[in-house]
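Colleague: Sending over a structure as structure tokens; questions will come in a sec.
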Amino acid sequence: MGYNSVLSLIEYVYINLFIKLERDGFGPNPFFQCLVAEVAQEHCSPEGHTVVGYALYFYTYSTWRGRCVYMEDLYVMPNFRGVATEQQCVRLQFSVLDWNKPSLEFYLSKGAQDLTDKEGWHFLRFDGEALDNLAQEVSAQ
């Protein structure tokens, strides 16, 4: 695959991602919420950015505890990192990839609980053919 083909593929992926993000987060029934961290122009990044981070999240519900929020993505430019939260939820849940040791160690140092170790919870996913097969199996019953 040549350089131009790779660029075309990247463009295609990002355009489709943008379309999905716009539809799913900014339509009449958003599936997720997004917070943007922005600073005043006089405090911008060395590159001139005033948007310095974001958090993408959605609400869930625990029959045991009540309202919960699941954080899908969190990014803050390194020189603007800090913590600020305010919402009436009893719990914040998120996943960290096993190779992302610095983030995992950071969250654990702040008091996060690793439920895989502590309670034996496993995050599972159905997608693609497995999801189709599950849906067909359920509808056949």
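FYI, it's all coordinate maths here, none of it is from the lab. Computed from a predicted structure; not experimentally measured. Heads up, the Cβs are rebuilt from the backbone with ideal geometry, glycines too, and the neighbour counts pull from every protein chain shown.
Colleague: Contour minus end-to-end for Gln136 and Leu97, with contour as 0.36 nm per residue of separation and end-to-end as the Cα-Cα distance?
Modeller: That pair, Gln136 and Leu97, stretches by 11.0 nm at full extension.
Colleague: Simple spin-label model, 7 Å along Cα-to-Cβ: Val76 to Gln33 in nm?
Modeller: Going from the Val76 label point to the Gln33 one covers 1.8 nm.
Colleague: List the lysines whose Cα lies under 28 Å from the Cα of Lys110, skipping any in the same chain that are fewer than 8 positions away.
Modeller: Within reach: Lys101, Lys118.
Colleague: May I ask you to derive the FRET efficiency for Phe106 and Glu22 from their Cβ-Cβ distance with R0 = 25 Å, giving the value to the nearest 0.05?
Modeller: 0.20
Colleague: Would you mind getting me the FRET efficiency between His49 and Ser8? Use the beta-carbon distance for r and R0 = 41 Å, nearest 0.05.
Modeller: 0.90
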